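Since the structure comes first, as structure tokens, the remarks are kept for the end.
The values are calculated or read from the model by the stated rules, or taken from the named source; none is laboratory data. Model, not experiment: these values are computed from the prediction. Neighbour counts are summed over all protein chains in view; Cβ atoms, including those assigned to glycine, are modelled from backbone coordinates with ideal geometry. We work out accessible area using only protein heavy atoms, side chains counted, and drop any ligands, DNA or RNA first. Shrake-Rupley method; radii C 1.70, N 1.55, O 1.52, S 1.80 Å.
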Amino acid sequence: MSSTLEQLMAQWKASSLTLDQVREHYFPHIKTEKRMRALIREGKVDLVTYKHTESRLACHWVRLKDLAAFLDKQSEKAA
């Protein structure tokens, strides 16, 4: 059985996803990126984000390794 990270890499063919992509696919109940960022900032969603530039308008990104760690942690909580 392949790891969560390997499965994500095969699915997305990338090493990072935009925060909006993560929200749409893994948190469909959260309707806006702004709310998603607020939940991350408040510590309710344990994901690490980064930006390619320091611009306030720059897109937020999530590394697949961080997403995989989050998903693994969530599945351990559910078990």
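Some observations on this one:
- What you get for the chain, charging only the Cβ of Lys and Arg (+1) and of Asp and Glu (-1), is a dipole of about 300 debye around the Cα centre.
- Surface accessible to a 1.4 Å probe, per residue, for the residues of region 1-71, Å²: 67
- Exposed-loop-free span, longest in the chain, where trypsin sites (Lys or Arg not before Pro) count as exposed if DSSP calls them loop and at most 15 other C-beta atoms lie within 10 Å: 57-79
- Taking every DSSP helix (H) stretch of at least 4 residues in the chain, weighting each as -39,500 (n - 2.57) and dividing the sum by the residue count yields a mean residue ellipticity at 222 nm of -15500 deg cm²/dmol.
- Surface share of carbon and sulfur [accessible, 1.4 angstrom probe, percent] for the chain: 53
- Dipole of the chain [Lys/Arg +1, Asp/Glu -1 at C-beta], most positive-end residue of 57, 3, 71: 57
- Sparse packing (at most 11 other Cβ atoms within 10 Å of the Cβ) combined with a DSSP loop state is found for the following GluC sites (Glu not before Pro) in region 1-62: 42, 54.
- The chain shape via C-alpha gyration tensor axes, a/c threshold 1.5: oblate
- The aspartates and glutamates within cross-link reach of residue 34, meaning a Cα-to-Cα straight distance under 12 Å and a gap of 8 or more places when in the same chain, are 20.
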